[in-house]
Amino acid sequence: MGLALVVAIAAIGIQVLVRGNVDRRAEDTTYRIYRTLTHGIMMLGVLLMLDGDRITWAHCVTGFLWRTWLGLYVLPCWLTALSPRDLTHA
């Protein structure tokens with residue numbers, strides 16, 4: 001529960017930090033990452049079909065899903081915040 005709160009606060013904080021400064025480069029990079037991750041999600045689905053009976057998904061799938069969604073939702077903000085340029089002069 002504590003980790004979930006930290007993740008949610010970090011996601012909100014990063015959006016406040018970069019508010020309105022997400023540029024085209026961050027959007028393009030995010031799109032490439034999304035495309036790569038969709039392939040990873042498909043591979044995870046195949047692994048689940050092949051050997052999913054060893055994992056108790058009912059206990060962890062909701063946590064995985066919302067954290068993944070939240071991480072992808074704020075990805076452009078993270079990329080902008082981690083870019084080497086100074087945001088104060090944008």
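Applying the selection to the range 1-20, what residues are in contact with a helix residue (DSSP H, G or I) (Cβ under 8 Å, 6 or more places away or on another chain) and either within 13 Å of Leu79 (Cα to Cα) or hydroxyl-bearing (Ser, Thr, Tyr) (or both)?
So the first thing to find is which residues in the range 1-20 are in contact with a helix residue (DSSP H, G or I) (Cβ under 8 Å, 6 or more places away or on another chain), and the list is 4, 7-8, 11, 14-15, 17-18.
Within the range 1-20, Ala11, Ile14, Gln15, Leu17, Val18 meet the criteria.
Inspect all residues belonging to the range 77-87 and state whether any of them is at pLDDT below 75 and either in contact with a Lys or Arg (Cβ under 8 Å, 6 or more places away or on another chain) or in a helix (DSSP H, G or I) (or both). Yes, the range 77-87 has at least one match.
Among residues belonging to the range 4-20 that are exposed (fewer than 13 other Cβ atoms within 10 Å of the Cβ) and over 16 Å from the mean Cα position of the chain (by Cα), point out the one that is modelled with the highest pLDDT. By that ranking, first place goes to Val16. Which residues, counting only those in the range 21-43, are closer than 13 Å to Val74 by Cα and loosely packed, with under 15 Cβ neighbours inside 10 Å? If the condition is that a residue be closer than 13 Å to Val74 by Cα and loosely packed, with under 15 Cβ neighbours inside 10 Å, then Glu27, Tyr31, Ile33, Tyr34 are the ones that fit.
If you scan the range 55-64, which residues turn out to be at pLDDT 75 or above and not aromatic (Phe, Trp, Tyr)? Of everything in the range 55-64, just one residue is at pLDDT 75 or above and not aromatic (Phe, Trp, Tyr), namely Gly63.
The values are calculated or read from the model by the stated rules, or taken from the named source; none is laboratory data. Only a predicted model underlies this, so the values are computations on that prediction, with no experimental measurement involved. Cβ atoms come from the backbone with ideal geometry, glycine included; neighbour counts cover every protein chain shown.
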